[in-house]
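Have a look at the structure below before the remarks.
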């Protein structure tokens, strides 16, 4: 079993959201909050004129472009999406993104290292039994949003050459076991 965290590549400029908090809000995206959102929301953004809209955006929420959405639908056909249109007025460009509702799972092992305020994970170790049989989930133990996907889904995304996609392999442990270098002992 192999899982990966999906991220926006550090060398990819993400659009600066101008009115996100007024239209979508802040804090964790609860199911109730998600379902209260309009089906389609337009957000004003600033983007450098020579920049492109990436296929994945991870801040302030996980959002994906159309070809990414199709892969998610293939692996998780029951996903519900809200749509966010990012509009760059200055450069007269827009891009529609899908924001999926993803279940948060409390799954971190005691071997994980968290920041003091539990907003960030310095070292990720997931309890295997908590995520067995899942293809896509959020780590529910922290404030920051960590989207985790299984190997086959990542391979499918990489074959389609998604712009701005970066991945980080996640370590696992079984109940009562320790993890070292990504392997369970």
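The values are calculated or read from the model by the stated rules, or taken from the named source; none is laboratory data. As the structure is a prediction and not an experimental result, all values here were calculated from the model. Because the Cβ atoms are built from the backbone with ideal geometry, glycine has one as well, and the counts that use them run over all protein chains shown.
When the residues of segment 132-143 are filtered to those that are within 14 Å of the chain's Cα centre (by Cα) and surrounded by 13 or more Cβ atoms within 10 Å (Cβ to Cβ), the one that is nearest to residue 58 (Cα to Cα) is 138. The residues of segment 132-156 that are within 13 Å of residue 4 (Cα to Cα) and either free of Cβ contacts under 8 Å to residues at least 40 places away in the same chain or assigned to a strand (DSSP E or B) (or both), listed by number, are 134, 136, 137, 138, 139, 147, 148, 149, 150, 155. Set side by side, the residues 71, 45 differ, and just one is farther than 30 Å from residue 1 by Cβ, outside any loop (DSSP other than H, G, I, E, B) and modelled with pLDDT of 90 or more, which is 45. All conditions in (1) touching a strand residue (DSSP E or B) at 6+ places or on another chain (Cβ under 9 Å); (2) within 20 Å of residue 90 (Cβ to Cβ); (3) surrounded by 14 or more Cβ atoms within 10 Å (Cβ to Cβ) hold for residue 58, with the sole exception of (2).
For segment 70-113, filtered to residues that are under 12 Å from the mean Cα position of the chain (by Cα) and closer than 19 Å to residue 39 by Cβ, the residue that is surrounded by the fewest Cβ atoms within 10 Å (Cβ to Cβ) is 101. For residue 110, the conditions (1) in contact (Cβ under 8 Å) with a residue 24 or more places away in the chain; (2) part of a loop (DSSP other than H, G, I, E, B); (3) in contact with a strand residue (DSSP E or B) (Cβ under 9 Å, 6 or more places away or on another chain) are fulfilled apart from (1). Looking at segment 82-99, is at least one residue closer than 28 Å to residue 130 by Cβ and part of a loop (DSSP other than H, G, I, E, B)? Scanning segment 82-99 turns up no residue that is closer than 28 Å to residue 130 by Cβ and part of a loop (DSSP other than H, G, I, E, B). Mind checking whether some residue in segment 26-34 is buried (at least 16 other Cβ atoms within 10 Å of the Cβ), under 17 Å from the mean Cα position of the chain (by Cα), in a helix (DSSP H, G or I) and touching a residue at least 12 places away in the same chain (Cβ under 8 Å)? Yes, segment 26-34 contains a residue that is buried (at least 16 other Cβ atoms within 10 Å of the Cβ), under 17 Å from the mean Cα position of the chain (by Cα), in a helix (DSSP H, G or I) and touching a residue at least 12 places away in the same chain (Cβ under 8 Å). Per the listing 161, 175, 129, the residue uniquely more than 18 Å from residue 67 (Cα to Cα), more than 15 Å from the chain's Cα centre (by Cα) and part of a loop (DSSP other than H, G, I, E, B) is 175.
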